[in-house]
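Peer 1: Could you have a look at this structure, given as structure tokens, before my questions?
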Amino acid sequence: MSFDISEQVLRTIKQINRALDMHSKKLEKSFGLTGPQLMIVKELLQEPEGVVAGDLARRVSLSQATITTIIDRLEQKGIVKRVKSEVDKRRVYFQATEKASGCLVGNPSLIQENFIVNFNRLADWEQMLLLSSIQRIAHMIDAVDQDQDRFS
């Protein structure tokens, strides 16, 4: 019986992942940027001085290699620029350009609006239960450990 439940949990995780991918494609069609790209732009707009790759990777829970690939695409679009540190020329900061704030016109949501509405309708204890459960699942599939290894 537990095997059936574990299979159902994994199937549901895959459905969630697919829904997130589809939402990302919808964002790209509507706003010209994918979900991860928008997440990075939003983060960089909060730090006018710029952010180094490792710090940005930690903040958005992506690998440094993924961050670099996304930054390359955003740089090609003129949304992000690389700036060398004045103090240490080996350090490179990513900064949002003036064009970046234009990407957020219409306030694109990184998650589906119906999720936000439905989640906010839940009682506080239900929200905490869901958070706790999904954090536990992430830990069980080593997603948390992989993030810690990735950012070490």
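The values are calculated or read from the model by the stated rules, or taken from the named source; none is laboratory data. Keep in mind it's a predicted model, so treat the numbers as computed, not measured. Counting neighbours? That spans all protein chains shown, and the Cβs are built from the backbone with ideal geometry, glycine included.
Peer 1: Determine the pairs where a residue that is charged (D, E, K, R), located within the range 37-58, has a partner that is surrounded by fewer than 21 Cβ atoms within 10 Å (Cβ to Cβ) with Cβ atoms under 6 Å apart, the partner being 6 or more residues away or on another chain.
Peer 2: Final answer for the pair search is E43/R59; E43/V60; R58/F151.
Peer 1: Identify all residues within the range 1-55 that are among the small types (G, A, S), assigned to a helix (DSSP H, G or I) and either under 18 Å from the mean Cα position of the chain (by Cα) or exposed (fewer than 11 other Cβ atoms within 10 Å of the Cβ) (or both); write none if there are none.
Peer 2: Hits for the range 1-55 are S2, A19, S24, S30, G35, A53, G54.
Peer 1: Inside the range 56-97, can you point out the residues that are assigned to a loop (DSSP other than H, G, I, E, B), within 23 Å of F31 (Cα to Cα), among the hydroxyl-bearing types (S, T, Y) and within 19 Å of the chain's Cα centre (by Cα)?
Peer 2: S61, the sole residue that qualifies.
Peer 1: Related question: Is there any pair with a first residue in the range 79-96 that is without any contact (Cβ under 8 Å) to a residue 24 or more places away in the chain and a second that is assigned to a strand (DSSP E or B) and among the β-branched types (V, I, T) whose Cβ atoms are under 9 Å apart and which are 6 or more apart or on different chains, and what are they?
Peer 2: R82/V92; K84/V92; S85/V52; S85/V92
Peer 1: Could you figure out which of (1) more than 20 Å from K77 (Cβ to Cβ); (2) modelled with pLDDT of 90 or more isn't true of E49?
Peer 2: In the conditions (1) more than 20 Å from K77 (Cβ to Cβ); (2) modelled with pLDDT of 90 or more, E49 misses (2) alone.
Peer 1: Let me ask something else about it. Just to be sure, is S61 of a type in the set (S, T, N, Q), more than 18 Å from N107 (Cβ to Cβ) and either touching a residue at least 12 places away in the same chain (Cβ under 8 Å) or in contact with an Asp or Glu (Cβ under 6 Å, 6 or more places away or on another chain) (or both)?
Peer 2: So S61 passes the test.
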